[in-house]
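Please treat every number below as a calculation from the coordinates, not as lab data. If you're wondering where the values come from, they're calculated on a predicted model, not measured in any experiment. Here the Cβ positions follow ideal geometry from the backbone for every residue, glycine too, while neighbour counts run over all protein chains shown.
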Amino acid sequence: MGNINYTPQDILHKQFKEHSIGKGYDMADVDEFLDNVIKDYDTYNKEIDRLNDENERLKAKVDELNRQVEVGATMNTRSANQQPVSNATNMDILKRLSNLERRVFGSQLGDNNGNDDSHLL
């Protein structure tokens, strides 16, 4: 905002030159002053518009980043929920299944011509 000609104090304390004929102001002096005031208002309005545009752009960027964070958090929650509760290997599962079969079908599995250990892991 380096193109500002007058501060509010400048405008408040502006003294116009009196015209040599009677009481009145030099019209060229008043016109020049008002032209500069109008330029200042145009500069302020352009700066306000620029700042509003930047503010909207930054708000949109924040919204986009918040959506990305939500998606990332959702994906992390999903992947955490999809992981197995235990880290049992296939061999552990087979051992457990074999032990369960022995308990449930113990006597029936034992009738394997005296070879009770054929299904043990």
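Data for the structure
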{"item": "Total formal charge among the other residues, if their Cβ is under 14 angstrom from that of ARG67, Lys/Arg +1 and Asp/Glu -1", "result": "-1"}
{"item": "Cross-link reach list, lysines versus LYS39, counting only Cα pairs under 27 Å and skipping chain neighbours closer than eight places", "result": "LYS14, LYS17"}
{"item": "Peptide ranges 39-51, 57-69 listed from the most packed, as the mean C-beta count within 10 angstrom indicates", "result": "39-51, 57-69"}
{"item": "Cross-link reach list, lysines versus LYS46, counting only Cα pairs under 21 Å and skipping chain neighbours closer than eight places", "result": "LYS59"}
{"item": "Sequence-distant aspartates and glutamates (8 or more away, or on other chains) whose Cα lies within less than 17 Å of LYS61", "result": "ASP53, GLU70"}
